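Here the structure comes first, spelled out in structure tokens, and everything after it is commentary.
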Ligand code: ARG
Ligand code: ZN
């Protein structure tokens, strides 16, 4: 069954309030519901349909009288009165048997829930749609030490706990947690003087990993007050860490539930990037309290309304807490690695999709990250002040409502007087626009001409020109900034912009700060790129110039058997030694483009990418760079070591990132001596993990890998790193075997999404390893996905994306991937989730 945006119809009833009682038992939990319905007087459709899946209905009542509803696999219908009535039902569910991790399930003996998007229907019969909002009162009965739900605590005693959430919410924000938990408490006073109790709840033994997350939460609360004027609105804010979780985290009202990997942190067990990610996800979930919870989505097609905006807000937060330029470059790298392949392949869909079979398949980089880019473009177009005025209007006008993208656009139109209808195509038309640039210079006038086009995507042949904010600056040949950053507003398919009064032809710096999620296509010389890498005043375009040089050199190596580009090597050497530059920036410049990115670049040029050749070129390049830096590497490495106690801040992280890059190079020439020393001396996970990675990559890390295992085998999150590292660092021809062996390891379990992703995700990201010509990588992943689908459709479907680029490769590899995709598709009892993903990947 396919659902369409155009088919939206409101529900025929209001839900005035919801009362739930949970009688907890691992395999026979009873859920008793009392739901107050009022028919809407002017509803066109008054069908009383309640969603419900995998529920055993014990009894149902209307106004206290037993009724016999008509049941199907997806819900029930029932005759109901024409006036307000109370629906009552008792159902039984089996949390213990719930391996899909959706609805109410058990993780390490602890009850927890995941209801977004459509999990509440696995808990009880309900109109499980985001535009049905109501207040919830919850009573939990059981002998668990801690029993939590949304909102404020009402009462608790022997064997029960009661909660009330005064804010109307859709069912997807419902949450319940019960188990043997300990808390890390704190408090926060809002700017209007309200005292809020904060708790992070964890399993005994994880208490020492809560401090960082708690600080991140307090910083998020203060930031949202300061920047968006948004205060918290309940007496308590609870966060719970859960080991078995399909996604990163969930913003349930007053009771956020986190994948433990996205909240637990300590210097000994977490890397700098873990810390940065945890800070961002805590902020993200907290920010949802306003963008998502107080104002929610009318239907799931509008998912980007809350996700794009909330990702944008968490990116602003990270930029403020850490380094704005570094965050912007990281986001561009991430968008290109995860969203561009989606937008340019068979899974392409608009930021606001128009149809789906399984909504869980649309929690994508397009909805989230491109959705955030769209907000960023809007802000750039209207300006900062107008942006915040419009967002204030959004909060005023729509608080308590379930909204659409039209509502969002309208507040900007109303508050700025701009017509944003053309801008709206960013939400409706999929695909990454390509921007071709040409230039002329005559009589002191410099003209840039842009031509935009977006290739067709599945189901969308025609693309209209988009509104593209292009941030541009002009530099003199001496490296002076002639024209500071200016935002050009492109609206047509082809458009020119002129700059007058120039003495000589300037050097343009285009798409500063990555001002739009587009592919810039401009023929330039290596000299000009090297010039920008040395002189550009905008950190993004400066870094980009280096990235373009790296790509060009790598492509020439693969295509023409060229040697690593000497001028580029020289530029890197200069940069790496330049102490005036932020170490984090230098680390980013030293990070090579991924092999998958090179494969895509080759494919774009009409060259069939050969994964082995791409891998060899990457190795040769790194080896050559290491050799050409050999005289200064030991000194540079020593100079970037961070001393003093570990602090997970941006400054320390930047230095460690640079130091780690240098260690990678050094390990190529010193036989692993420095890395082995580093491993011995490490007093934090960032350094320990980097040293081990360098050693494993050089195939010199066997004893350290064993030691690491011994040291950390009782820490699940660290063991995930150990599993992933083996696969990520394996030589391509060994990677499938290494991964296959790890799936037989006593600590491997297919039921834990983090562990599964550690191994299989790492395999799909080891480009040349996954694409081994004998098909062993494809076969292993397909075997594992088929096994996982029977237990956990959501994570299976998500990991099918490893195959989304299959058409890039040679006929032999295509045939092998096609065969595996067909094999998955023909699995009997395949989930709707996986079936939809595989079908889309195959169809285009
Ligand atoms: N709303 C959550 C977040 O972005 C993600 C929940 C996704 N759940 C899912 N089943 N797809 O923070
Ligand atoms: Zn979110």
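Taken together, the values in this text are just the output of simple stated rules run on the coordinates, not laboratory data. Bear in mind the structure is a predicted one, so any value in this text is a computation, not a measurement. We place every Cβ from the backbone using ideal geometry, glycine too, and count neighbours over all the protein chains shown.
For the range 234-263 and the range 320-388, what is the separation of their C-alpha centers, rounded to whole Å?
Using only Cα atoms, the two centres lie 23 Å from each other.
Per-residue counts of other Cβ atoms within 10 Å, averaged by peptide: what ranking do you get for 704-710, 132-138, 236-242, highest first?
Values: 704-710: 15.1, 132-138: 20.1, 236-242: 24.0.
Answer by packing, highest mean first, reads 236-242, 132-138, 704-710.
Can you check how the C-alpha radius of gyration of the chain compares to 2.2 N^0.38 Å, as a plain ratio?
Values: Rg = 27.4 Å, N = 844, 2.2 N^0.38 = 28.5 Å.
Here the Cα radius of gyration is 0.96 times the empirical estimate.
Between the range 71-91 and the range 1-23, how far is it from one alpha carbon centroid to the other, in angstrom?
12
Report, to the nearest 10°, how far helix 650-667 tilts away from the longest principal axis of the Cα atoms in the chain, using its own Cα long axis and a range of 0 to 90°.
60
Using the basic label-point model (7 angstrom from Cα toward the beta carbon), what is the residue 208 to residue 605 distance in nanometres?
Label at residue 208, label at residue 605, 5.2 nm between them.
Please compute the modelled spin-label separation between residue 1 and residue 749, points set 7 Å along Cα→Cβ, answer in nm with one decimal.
Rounded to a tenth, the inter-label distance reads 3.4 nm.
What whole-number distance in Å separates the alpha-carbon centres of the range 698-755 and the range 194-209?
After rounding, the separation between the Cα centres reads 30 Å.
So what's the angle, to the nearest 10 degrees on a 0 to 90 scale, between helix 405-416 and the longest Cα principal axis of the chain?
Here the helix axis deviates by roughly 70 degrees.
Ordered by packing density, taken as the mean number of other Cβ atoms within 10 Å over each peptide's residues, highest first, how do 299-311, 745-757 rank?
Numbers: 299-311: 24.5, 745-757: 17.7.
Result, highest mean first: 299-311, 745-757.
From Cα pairs below 8 angstrom and at least 6 apart in sequence, can you work out the relative contact order of the chain, rounded to a whole percent?
That works out to 8 percent.
Order these by the 10 Å Cβ neighbour count, fewest first: 85, 412.
Working: 85 19, 412 23.
With the fewest neighbours first, 85, 412 line up as 85, 412.
If neighbour count is taken as other Cβ atoms inside 10 Å, put 573, 169, 218 in order from fewest to most.
Starting with the residue having the fewest Cβ neighbours, the order is 573, 218, 169.
Can you tell me the 0 to 90 degree angle between the C-alpha axis of helix 324-334 and the longest principal axis of the chain, rounded to 10?
80
Report the FRET efficiency, 1/(1 + (r/R0)^6), for residue 92 and residue 190, where r is their Cβ-Cβ distance and R0 is 41 Å, rounded to 0.05.
Values: r = 41 Å, r/R0 = 1.01.
Result of the calculation: an efficiency of 0.50.
Give me 182, 31 ranked fewest to most by other Cβ atoms within 10 Å of their Cβ, as a rough exposure proxy.
Working: 182 16, 31 21.
So the ranking, lowest neighbour count to highest, is 182, 31.
Take the Cα of residue 79, step 7 Å along the line toward its Cβ, and report every residue of the range 40-59 whose backbone nitrogen sits under 17 Å from that point.
46-49
Would you mind calculating the relative contact order of the range 508-629 from Cα pairs under 8 angstrom and at least 6 residues apart, reporting the percent as a whole number? Could you put the intermediate results ahead of the total?
Details: 98 pairs, mean separation 28.0, N = 122.
Relative contact order for the range 508-629 comes out at 23 percent.
Using the per-residue mean of other Cβ atoms lying within 10 Å as a proxy for protection, in what order, highest first, do the peptides 575-584, 724-733 fall?
Values: 575-584: 15.6, 724-733: 20.5.
Descending mean neighbour count gives 724-733, 575-584.
Using 7 Å Cα-to-Cβ label points, what is the residue 574/residue 486 separation (nm, one decimal)?
For residue 574 paired with residue 486, the spin-label model returns 2.8 nm.
Work out, step by step, the length gained on full extension between residue 523 and residue 57: first 0.36 nm times the residue separation, then minus their alpha carbon distance; give nm to one decimal. If you can, show how the numbers build up before the last one.
Working: separation 466, 0.36 × 466 = 167.76 nm, distance 6.62 nm.
Extending this stretch completely gives an extra 161.1 nm.
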